[in-house]
Amino acid sequence: MPNATTARRYWLVKSEPDCFSYDDLLASPKQTTCWSGVRNYQARNFMRDMKKGDGVLFYYSSAEPPGVVGVAEVVREAYPDGTARDPKDDHYDPKSTEANPIWEMVDIKAVERFDNFLPLNDLRQVRALEGMELLKRGSRLSVQPVSAKEWETICRMGRG
DNA sequence: GCCAACGTTGGC
DNA sequence: GCCAACGTTGGC
């Protein structure tokens, strides 16, 4: 019997396809990548909540059009994001130390590219997705939770 | 390229 | 602890 601590949960992560695309994920060793570079506390806290096996929607932001491209899953739970301590990295944060790394990341692995790319504008038309974090005005969170109902709706749409 | 929305910073 | 200024995100 699943309970709150064992039930599979669902998330959405944003990536600019010019920066890291679903193809890039597929081309990565074991089709797995670390999700480094998140520098927002709320987003980091959501990553801390991620458990192995949780579902992840892969979303293209700043794309033409923006939308959901496919699905990945969490294969490693939160651990320190070393890029925060690399002065040469774009996401360098001098406040991050070995003793207190501040920023964390998870590893995600490709699961399925949708047959249908799901443009943001199409998602906005769907009743079952009303209230979804992604669709809220001014929503900028790069890591956000997705409800089971939203997950099922989007997967069904993506598979056509 | 514009700009609304939001988070962060820093003076007080 | 308030809040104005500033920087960033991301849709359009």
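Of A:Lys52/A:Lys149; A:Lys109/A:Lys149; A:Lys88/A:Lys136; A:Lys95/A:Lys149; A:Lys95/A:Lys136; A:Lys14/A:Lys52, which ones are farther than 29 Å apart at the Cα?
The answer is A:Lys88/A:Lys136; A:Lys95/A:Lys149; A:Lys95/A:Lys136.
When A:Leu141, A:Leu123 are ordered from fewest to most other Cβ atoms inside 10 Å of their Cβ, what list results?
Numbers: A:Leu141 17, A:Leu123 21.
With the sparsest Cβ surroundings first, the list reads A:Leu141, A:Leu123.
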How far, in degrees from 0 to 90, does helix A:148-159 lean away from the longest principal axis of the Cα atoms of chain A, to the nearest 10? 70
Simple spin-label estimate for A:Asp115/A:Ser28, 7 Å along Cα→Cβ, in nm, reads 2.7
Paramagnetic reach from A:His91 (point 7 Å along Cα→Cβ, amide N under 16 Å) across the range A:30-55: A:32-50
Take the Cα gyration tensor of chain A, multiply each eigenvalue by 5, square-root it, and list the three semi-axes largest first, rounded to whole angstrom. 26, 18, 16
Quote the Stokes-Einstein diffusion coefficient, in whole µm² s⁻¹, for the range A:75-160, based on the Kirkwood radius over alpha carbon pairs, a temperature of 37 °C and a viscosity of 0.692 mPa s. 208
Any chance you could check the Cα centroid distance between the range A:98-126 and the range A:15-68 for me, in angstrom? 4
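We did not get these values from a lab; they are worked out from the coordinates using the rules stated. As the structure is a prediction and not an experimental result, all values here were calculated from the model. Cβ coordinates were reconstructed from backbone atoms using ideal geometry, including for glycine residues, and neighbour counts include every protein chain displayed.
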